[in-house]
Amino acid sequence: MPVKSRTPYANSFAMALPDREISNDELSTFIDTSDEWISKRTGIKKRYWVSEGTTTSSLAVEAASKSIDQLSNGTQIDAIIAATLSPDYSFPGIGVQIQDALGLPPVPAYDVRNQCSGFLYAMEMGGALISTGVYENILIVGAEVHSTGMDKTTRGRDIAVLFGDGAGSCILSHGKRSGLSFELVGTELHSDGAYAKELWCEHPGSVLFPDRLTEELVREGKVFPEMNGRLVFENAVRHMTEVSLSLLAKHGYGSSDVSLFLPHQANLRINTMVAQKLGLNESQVFSTIQDYGNTTAATIPIGFTRAVEEGAFTSGDLVLSAAFGSGFTWGAALYRVV
Ligand code: UT7
(Lines give C-alpha, C1' and ligand atoms only; values in the text may rest on other atoms or scores of the structure.)
Protein backbone atom coordinates (compact mmCIF):
# COMPACT_ATOMS: atom_id res chain seq x y z
CA MET A 1 0.00 0.00 0.00
CA PRO A 2 1.44 3.41 -0.92
CA VAL A 3 2.15 5.58 2.13
CA LYS A 4 1.42 9.22 1.41
CA SER A 5 -0.23 11.95 3.39
CA ARG A 6 -2.83 13.88 1.48
CA THR A 7 -5.68 16.00 2.79
CA PRO A 8 -9.16 14.57 2.19
CA TYR A 9 -11.95 16.93 1.10
CA ALA A 10 -15.68 16.18 1.18
CA ASN A 11 -17.37 17.53 -1.95
CA SER A 12 -20.73 17.37 -3.71
CA PHE A 13 -23.15 16.69 -0.87
CA ALA A 14 -26.59 15.52 -2.02
CA MET A 15 -29.70 13.89 -0.58
CA ALA A 16 -32.77 11.89 -1.51
CA LEU A 17 -36.13 11.47 0.22
CA PRO A 18 -39.10 9.20 -0.37
CA ASP A 19 -42.28 10.82 -1.66
CA ARG A 20 -44.62 10.16 1.29
CA GLU A 21 -44.63 12.92 3.91
CA ILE A 22 -45.97 11.78 7.30
CA SER A 23 -46.94 14.54 9.74
CA ASN A 24 -47.22 14.04 13.49
CA ASP A 25 -50.99 14.44 13.12
CA GLU A 26 -51.11 11.61 10.57
CA LEU A 27 -49.13 9.35 12.94
CA SER A 28 -51.67 10.14 15.65
CA THR A 29 -54.40 8.55 13.50
CA PHE A 30 -52.92 5.06 13.99
CA ILE A 31 -50.69 5.42 17.09
CA ASP A 32 -51.72 6.76 20.51
CA THR A 33 -49.52 9.83 20.37
CA SER A 34 -49.86 13.55 19.59
CA ASP A 35 -48.16 16.36 17.72
CA GLU A 36 -47.71 18.06 21.10
CA TRP A 37 -45.86 15.07 22.66
CA ILE A 38 -43.61 14.49 19.64
CA SER A 39 -42.79 18.17 19.05
CA LYS A 40 -42.10 18.91 22.70
CA ARG A 41 -39.97 15.82 23.42
CA THR A 42 -38.09 15.53 20.12
CA GLY A 43 -38.55 18.61 17.89
CA ILE A 44 -39.87 16.42 15.05
CA LYS A 45 -42.79 17.80 13.00
CA LYS A 46 -42.78 15.38 10.08
CA ARG A 47 -40.76 12.64 8.39
CA TYR A 48 -40.75 10.86 5.00
CA TRP A 49 -41.63 7.18 4.62
CA VAL A 50 -41.20 5.05 1.51
CA SER A 51 -43.93 3.73 -0.77
CA GLU A 52 -43.68 0.28 -2.30
CA GLY A 53 -40.75 0.05 -4.72
CA THR A 54 -38.46 2.51 -2.92
CA THR A 55 -35.67 0.85 -0.91
CA THR A 56 -32.58 1.82 1.04
CA SER A 57 -30.39 1.17 -2.00
CA SER A 58 -32.67 3.10 -4.39
CA LEU A 59 -32.57 6.14 -2.09
CA ALA A 60 -28.80 5.74 -1.81
CA VAL A 61 -28.45 5.58 -5.59
CA GLU A 62 -30.63 8.67 -6.07
CA ALA A 63 -28.50 10.70 -3.66
CA ALA A 64 -25.24 9.29 -5.05
CA SER A 65 -26.23 10.14 -8.65
CA LYS A 66 -26.77 13.75 -7.63
CA SER A 67 -23.34 13.82 -5.94
CA ILE A 68 -21.66 12.33 -9.01
CA ASP A 69 -23.49 14.78 -11.33
CA GLN A 70 -21.75 17.62 -9.51
CA LEU A 71 -18.30 16.25 -10.40
CA SER A 72 -16.45 17.38 -13.47
CA ASN A 73 -16.61 15.08 -16.50
CA GLY A 74 -14.20 12.20 -16.39
CA THR A 75 -13.86 12.03 -12.60
CA GLN A 76 -13.73 8.34 -11.67
CA ILE A 77 -15.19 6.89 -8.49
CA ASP A 78 -12.56 4.47 -7.13
CA ALA A 79 -14.49 3.01 -4.18
CA ILE A 80 -17.84 3.10 -2.38
CA ILE A 81 -18.42 3.22 1.36
CA ALA A 82 -22.09 2.75 2.24
CA ALA A 83 -23.42 3.11 5.79
CA THR A 84 -26.81 1.72 6.78
CA LEU A 85 -28.52 -0.36 9.46
CA SER A 86 -31.41 -1.14 7.11
CA PRO A 87 -30.01 -2.83 3.99
CA ASP A 88 -32.38 -4.13 1.29
CA TYR A 89 -31.28 -7.71 2.08
CA SER A 90 -29.62 -9.48 5.04
CA PHE A 91 -26.71 -9.85 2.66
CA PRO A 92 -25.10 -8.62 0.53
CA GLY A 93 -24.98 -5.04 1.77
CA ILE A 94 -26.13 -2.07 -0.32
CA GLY A 95 -22.59 -1.17 -1.47
CA VAL A 96 -22.70 -3.63 -4.35
CA GLN A 97 -26.21 -2.58 -5.34
CA ILE A 98 -25.03 1.02 -5.53
CA GLN A 99 -22.04 -0.03 -7.68
CA ASP A 100 -24.29 -1.92 -10.06
CA ALA A 101 -27.11 0.65 -10.29
CA LEU A 102 -24.67 3.49 -10.96
CA GLY A 103 -22.99 1.44 -13.68
CA LEU A 104 -19.58 1.85 -12.06
CA PRO A 105 -16.67 -0.39 -12.96
CA PRO A 106 -16.04 -3.22 -10.45
CA VAL A 107 -14.71 -0.90 -7.73
CA PRO A 108 -14.61 -2.05 -4.08
CA ALA A 109 -17.83 -1.54 -2.13
CA TYR A 110 -17.51 -1.32 1.65
CA ASP A 111 -20.53 -1.71 3.92
CA VAL A 112 -20.41 0.11 7.24
CA ARG A 113 -22.91 -0.70 9.94
CA ASN A 114 -22.41 1.63 12.85
CA GLN A 115 -25.97 2.91 13.00
CA CYS A 116 -26.25 6.60 13.95
CA SER A 117 -22.45 6.96 13.88
CA GLY A 118 -22.25 5.20 10.49
CA PHE A 119 -21.54 8.27 8.43
CA LEU A 120 -18.73 9.36 10.77
CA TYR A 121 -17.24 5.85 10.67
CA ALA A 122 -17.43 5.95 6.86
CA MET A 123 -15.75 9.36 6.75
CA GLU A 124 -12.88 8.28 9.00
CA MET A 125 -12.28 5.16 6.90
CA GLY A 126 -12.60 7.09 3.64
CA GLY A 127 -10.33 9.85 4.92
CA ALA A 128 -7.61 7.32 5.77
CA LEU A 129 -7.90 5.70 2.32
CA ILE A 130 -7.60 9.08 0.61
CA SER A 131 -4.76 10.40 2.74
CA THR A 132 -2.67 7.26 2.26
CA GLY A 133 -3.13 7.46 -1.52
CA VAL A 134 -5.10 4.22 -1.94
CA TYR A 135 -7.98 5.99 -3.74
CA GLU A 136 -8.60 9.38 -5.37
CA ASN A 137 -12.40 9.69 -5.13
CA ILE A 138 -14.62 7.72 -2.76
CA LEU A 139 -18.40 7.81 -2.86
CA ILE A 140 -19.66 7.95 0.73
CA VAL A 141 -23.35 7.23 1.28
CA GLY A 142 -25.59 7.03 4.35
CA ALA A 143 -29.07 5.65 3.68
CA GLU A 144 -31.95 4.17 5.64
CA VAL A 145 -35.46 2.82 5.30
CA HIS A 146 -36.77 2.55 8.85
CA SER A 147 -40.49 2.79 8.19
CA THR A 148 -40.96 -0.81 7.07
CA GLY A 149 -38.97 -2.18 10.04
CA MET A 150 -40.70 -0.52 12.99
CA ASP A 151 -43.70 -1.50 15.10
CA LYS A 152 -46.12 1.14 13.81
CA THR A 153 -48.69 0.50 16.56
CA THR A 154 -48.98 2.09 20.00
CA ARG A 155 -46.80 -0.75 21.36
CA GLY A 156 -43.87 0.66 19.38
CA ARG A 157 -44.64 4.36 19.72
CA ASP A 158 -41.42 5.30 21.54
CA ILE A 159 -39.52 4.30 18.36
CA ALA A 160 -42.08 4.73 15.55
CA VAL A 161 -42.50 8.49 16.01
CA LEU A 162 -38.77 9.15 15.83
CA PHE A 163 -37.49 7.60 12.63
CA GLY A 164 -37.69 8.59 8.97
CA ASP A 165 -36.34 7.30 5.67
CA GLY A 166 -33.79 9.08 3.49
CA ALA A 167 -30.27 9.14 2.08
CA GLY A 168 -27.34 11.52 1.87
CA SER A 169 -24.01 11.32 0.10
CA CYS A 170 -20.78 13.07 -0.77
CA ILE A 171 -17.57 12.42 -2.66
CA LEU A 172 -14.42 12.30 -0.58
CA SER A 173 -11.42 13.30 -2.69
CA HIS A 174 -7.81 14.33 -2.20
CA GLY A 175 -8.56 17.72 -3.70
CA LYS A 176 -11.09 20.49 -3.57
CA ARG A 177 -13.77 20.29 -6.27
CA SER A 178 -16.05 22.99 -7.68
CA GLY A 179 -18.46 24.60 -5.22
CA LEU A 180 -17.99 24.42 -1.47
CA SER A 181 -15.52 21.83 -0.21
CA PHE A 182 -14.99 20.61 3.32
CA GLU A 183 -11.43 19.78 4.32
CA LEU A 184 -11.56 16.83 6.72
CA VAL A 185 -9.44 18.18 9.56
CA GLY A 186 -9.89 15.14 11.80
CA THR A 187 -12.15 12.49 13.26
CA GLU A 188 -12.48 10.66 16.57
CA LEU A 189 -14.53 7.50 17.04
CA HIS A 190 -15.51 5.30 19.99
CA SER A 191 -17.60 2.28 20.93
CA ASP A 192 -18.79 0.52 24.09
CA GLY A 193 -20.48 -2.81 23.41
CA ALA A 194 -21.51 -3.25 27.05
CA TYR A 195 -24.54 -1.15 26.04
CA ALA A 196 -25.41 -3.07 22.88
CA LYS A 197 -28.81 -4.15 24.24
CA GLU A 198 -29.91 -0.63 25.19
CA LEU A 199 -30.70 0.24 21.56
CA TRP A 200 -30.95 -2.76 19.30
CA CYS A 201 -32.96 -4.99 17.04
CA GLU A 202 -32.52 -8.46 18.50
CA HIS A 203 -33.92 -10.74 15.77
CA PRO A 204 -33.51 -12.29 13.29
CA GLY A 205 -29.85 -13.10 13.92
CA SER A 206 -27.46 -16.01 14.21
CA VAL A 207 -27.72 -16.00 18.01
CA LEU A 208 -30.78 -18.28 17.73
CA PHE A 209 -30.64 -22.03 17.18
CA PRO A 210 -31.72 -24.01 15.21
CA ASP A 211 -33.64 -21.27 13.33
CA ARG A 212 -33.11 -17.55 13.57
CA LEU A 213 -36.74 -16.60 12.99
CA THR A 214 -39.96 -18.05 14.42
CA GLU A 215 -43.62 -17.06 14.23
CA GLU A 216 -43.57 -16.46 17.98
CA LEU A 217 -40.77 -13.90 17.72
CA VAL A 218 -42.72 -12.05 15.06
CA ARG A 219 -45.91 -12.13 17.18
CA GLU A 220 -44.03 -10.82 20.24
CA GLY A 221 -42.57 -7.95 18.23
CA LYS A 222 -39.01 -9.15 18.83
CA VAL A 223 -38.11 -8.30 15.24
CA PHE A 224 -38.54 -4.56 15.91
CA PRO A 225 -35.98 -2.12 17.32
CA GLU A 226 -36.07 -1.49 21.08
CA MET A 227 -34.52 1.37 23.01
CA ASN A 228 -33.93 2.44 26.59
CA GLY A 229 -34.69 6.05 25.62
CA ARG A 230 -33.66 7.83 28.82
CA LEU A 231 -30.32 6.01 29.07
CA VAL A 232 -29.57 6.61 25.40
CA PHE A 233 -30.45 10.28 25.79
CA GLU A 234 -28.13 10.80 28.79
CA ASN A 235 -25.24 8.96 27.15
CA ALA A 236 -25.73 10.83 23.87
CA VAL A 237 -25.43 14.21 25.59
CA ARG A 238 -22.37 13.15 27.61
CA HIS A 239 -20.45 11.38 24.86
CA MET A 240 -21.19 13.84 22.05
CA THR A 241 -19.98 16.69 24.28
CA GLU A 242 -16.84 14.86 25.44
CA VAL A 243 -15.79 13.58 22.01
CA SER A 244 -16.33 17.04 20.48
CA LEU A 245 -14.11 18.71 23.08
CA SER A 246 -11.48 15.99 22.74
CA LEU A 247 -11.34 16.23 18.94
CA LEU A 248 -11.19 20.03 19.01
CA ALA A 249 -8.35 19.95 21.57
CA LYS A 250 -6.38 17.40 19.52
CA HIS A 251 -6.30 19.89 16.66
CA GLY A 252 -5.50 22.89 18.84
CA TYR A 253 -9.02 24.32 18.92
CA GLY A 254 -11.63 25.09 21.53
CA SER A 255 -15.38 25.28 21.07
CA SER A 256 -15.16 29.06 20.62
CA ASP A 257 -13.43 28.34 17.29
CA VAL A 258 -16.49 26.44 15.97
CA SER A 259 -18.61 28.32 13.43
CA LEU A 260 -21.33 25.72 12.93
CA PHE A 261 -22.35 22.55 14.79
CA LEU A 262 -23.92 20.01 12.43
CA PRO A 263 -24.74 16.97 14.57
CA HIS A 264 -26.61 13.71 14.05
CA GLN A 265 -30.35 14.29 14.40
CA ALA A 266 -31.90 12.00 17.02
CA ASN A 267 -33.59 14.55 19.28
CA LEU A 268 -33.53 18.34 19.15
CA ARG A 269 -33.16 18.42 22.93
CA ILE A 270 -29.99 16.29 22.78
CA ASN A 271 -28.38 18.68 20.32
CA THR A 272 -29.47 21.79 22.23
CA MET A 273 -27.99 20.36 25.44
CA VAL A 274 -24.70 19.40 23.75
CA ALA A 275 -24.47 22.86 22.19
CA GLN A 276 -25.09 24.49 25.57
CA LYS A 277 -22.37 22.38 27.19
CA LEU A 278 -19.99 23.39 24.38
CA GLY A 279 -20.87 27.05 24.92
CA LEU A 280 -22.38 27.41 21.44
CA ASN A 281 -25.46 29.50 20.85
CA GLU A 282 -28.67 28.28 19.23
CA SER A 283 -27.94 29.94 15.88
CA GLN A 284 -24.74 27.86 15.57
CA VAL A 285 -26.65 24.55 15.62
CA PHE A 286 -27.89 23.26 12.27
CA SER A 287 -31.08 21.21 12.66
CA THR A 288 -33.10 19.18 10.18
CA ILE A 289 -34.88 16.83 12.59
CA GLN A 290 -38.07 18.88 12.40
CA ASP A 291 -38.42 17.96 8.72
CA TYR A 292 -37.03 14.41 8.49
CA GLY A 293 -36.97 12.79 11.97
CA ASN A 294 -34.02 10.51 12.66
CA THR A 295 -32.66 9.06 9.41
CA THR A 296 -29.69 7.48 11.26
CA ALA A 297 -26.68 7.12 8.90
CA ALA A 298 -28.23 9.71 6.56
CA THR A 299 -28.76 12.59 9.01
CA ILE A 300 -25.31 14.17 8.68
CA PRO A 301 -24.98 14.18 4.85
CA ILE A 302 -28.60 15.38 4.64
CA GLY A 303 -27.67 18.16 7.07
CA PHE A 304 -24.65 19.18 4.97
CA THR A 305 -26.80 19.21 1.80
CA ARG A 306 -29.42 21.42 3.39
CA ALA A 307 -26.82 23.71 4.96
CA VAL A 308 -25.12 24.19 1.57
CA GLU A 309 -28.51 24.94 -0.06
CA GLU A 310 -29.36 27.45 2.67
CA GLY A 311 -25.98 29.22 2.44
CA ALA A 312 -25.13 28.36 6.04
CA PHE A 313 -21.38 28.01 5.34
CA THR A 314 -18.75 30.67 4.72
CA SER A 315 -15.27 29.94 3.47
CA GLY A 316 -12.96 29.51 6.47
CA ASP A 317 -15.67 28.22 8.81
CA LEU A 318 -14.75 25.43 11.23
CA VAL A 319 -17.62 22.90 11.20
CA LEU A 320 -18.09 20.37 14.00
CA SER A 321 -20.14 17.23 13.55
CA ALA A 322 -20.91 14.61 16.22
CA ALA A 323 -23.09 11.52 16.54
CA PHE A 324 -24.15 8.90 19.05
CA GLY A 325 -26.19 5.74 18.68
CA SER A 326 -26.66 2.01 18.86
CA GLY A 327 -23.62 0.00 19.88
CA PHE A 328 -23.09 2.26 21.71
CA THR A 329 -20.96 3.98 19.09
CA TRP A 330 -20.15 7.66 18.92
CA GLY A 331 -17.75 10.10 17.40
CA ALA A 332 -17.02 13.53 15.98
CA ALA A 333 -15.58 15.03 12.81
CA LEU A 334 -14.09 18.44 12.17
CA TYR A 335 -14.13 20.21 8.80
CA ARG A 336 -12.74 23.47 7.43
CA VAL A 337 -14.85 25.08 4.70
CA VAL A 338 -12.75 26.03 1.65
O1 UT7 B 1 -30.24 8.04 17.05
C2 UT7 B 1 -30.20 6.96 17.96
C3 UT7 B 1 -30.16 7.44 19.31
N4 UT7 B 1 -31.47 7.68 19.81
C5 UT7 B 1 -31.66 8.66 20.65
O6 UT7 B 1 -30.74 9.39 20.89
C7 UT7 B 1 -33.00 8.80 21.33
C8 UT7 B 1 -32.76 9.16 22.78
N9 UT7 B 1 -33.96 9.20 23.58
C10 UT7 B 1 -34.92 10.13 23.39
O11 UT7 B 1 -34.85 10.93 22.50
C12 UT7 B 1 -36.06 10.17 24.37
O13 UT7 B 1 -35.79 9.33 25.46
C14 UT7 B 1 -37.43 9.78 23.74
C15 UT7 B 1 -37.89 10.86 22.77
C16 UT7 B 1 -37.30 8.45 23.02
C17 UT7 B 1 -38.49 9.65 24.84
O18 UT7 B 1 -38.60 10.86 25.55
P19 UT7 B 1 -38.60 10.82 27.15
O20 UT7 B 1 -38.78 12.21 27.59
O21 UT7 B 1 -37.36 10.11 27.60
O22 UT7 B 1 -39.92 10.02 27.45
P23 UT7 B 1 -40.08 8.62 28.24
O24 UT7 B 1 -39.60 7.49 27.42
O25 UT7 B 1 -39.56 8.75 29.64
O26 UT7 B 1 -41.66 8.53 28.31
C27 UT7 B 1 -42.43 9.52 29.01
C28 UT7 B 1 -43.90 9.17 28.84
C29 UT7 B 1 -44.22 7.72 29.19
O30 UT7 B 1 -45.51 7.72 29.82
P31 UT7 B 1 -45.63 7.68 31.43
O32 UT7 B 1 -44.93 6.43 31.85
O33 UT7 B 1 -44.97 8.92 31.91
O34 UT7 B 1 -47.12 7.66 31.63
C35 UT7 B 1 -44.32 7.04 27.85
O36 UT7 B 1 -45.18 5.92 27.88
O37 UT7 B 1 -44.31 9.34 27.47
C38 UT7 B 1 -44.92 8.13 27.00
N39 UT7 B 1 -44.61 7.99 25.57
C40 UT7 B 1 -45.34 8.54 24.61
N41 UT7 B 1 -46.46 9.29 24.65
C42 UT7 B 1 -46.96 9.72 23.49
C43 UT7 B 1 -43.55 7.35 25.01
N44 UT7 B 1 -43.60 7.49 23.68
C45 UT7 B 1 -44.70 8.23 23.41
C46 UT7 B 1 -45.28 8.70 22.22
N47 UT7 B 1 -46.40 9.45 22.30
N48 UT7 B 1 -44.73 8.48 21.01
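Here are some notes:
- Qualifying residue in the stretch 270-288 (condition: of a type in the set (Asp, Glu) and either modelled with pLDDT under 95 or within 10 Å of the ligand (Cβ to nearest atom) (or both)): yes
- Matching entry among 279, 316 (being without any contact (Cβ under 8 Å) to a residue 60 or more places away in the chain, on the phi > 0 side of the Ramachandran plot, out of contact with any helix residue (DSSP H, G or I) (no Cβ under 7 Å at 6 or more places or on another chain) and not assigned by TED's automatic domain parsing to the domain that holds residue 81): 316
- Selection from the stretch 287-309 of residues that are closer than 26 Å to residue 161 by Cβ and surrounded by fewer than 16 Cβ atoms within 10 Å (Cβ to Cβ): 290
- One residue stands out in the stretch 106-115 among those that are in contact (Cβ under 8 Å) with a residue 12 or more places away in the chain and over 19 Å from the mean Cα position of the chain (by Cα): the one that is nearest to residue 195 (Cα to Cα), namely 108.
- In the stretch 155-172 there is no residue matching the filter, namely being away from the ligand (no atom under 16 Å from the Cβ) and either free of Cβ contacts under 8 Å to residues at least 60 places away in the same chain or not assigned by TED's automatic domain parsing to the domain that holds residue 89 (or both).
- Subset of the stretch 273-286 [open to solvent by less than 30 Å² (accessible area, probe 1.4 Å) and assigned to a loop (DSSP other than H, G, I, E, B)]: 280, 286
- In the stretch 28-57, the residues that are free of Cβ contacts under 8 Å to residues at least 40 places away in the same chain reach residues that are more than 9 Å from the ligand (Cβ to nearest atom) with C-beta atoms within less than 7 angstrom, at least six apart or across chains, in these pairs: 28/35; 35/24; 35/25; 39/24; 39/45; 51/18; 51/19; 51/20.
- Scanning the stretch 235-266 for residues that are within 11 Å of the ligand (Cβ to nearest atom) and closer than 23 Å to residue 13 by Cβ gives 240, 263, 264, 265, 266.
- For the stretch 160-193, the tally of residues that are open to solvent by 10 Å² or more (accessible area, probe 1.4 Å) and aliphatic (A, V, I, L, M) stands at 5.
The values are calculated or read from the model by the stated rules, or taken from the named source; none is laboratory data. No experiment lies behind these values; they were computed from the predicted model shown. Heads up, the Cβs are rebuilt from the backbone with ideal geometry, glycines too, and the neighbour counts pull from every protein chain shown. These accessible areas exclude ligands, DNA and RNA; they are computed on the full protein's heavy atoms, side chains included. Shrake-Rupley method; radii C 1.70, N 1.55, O 1.52, S 1.80 Å.
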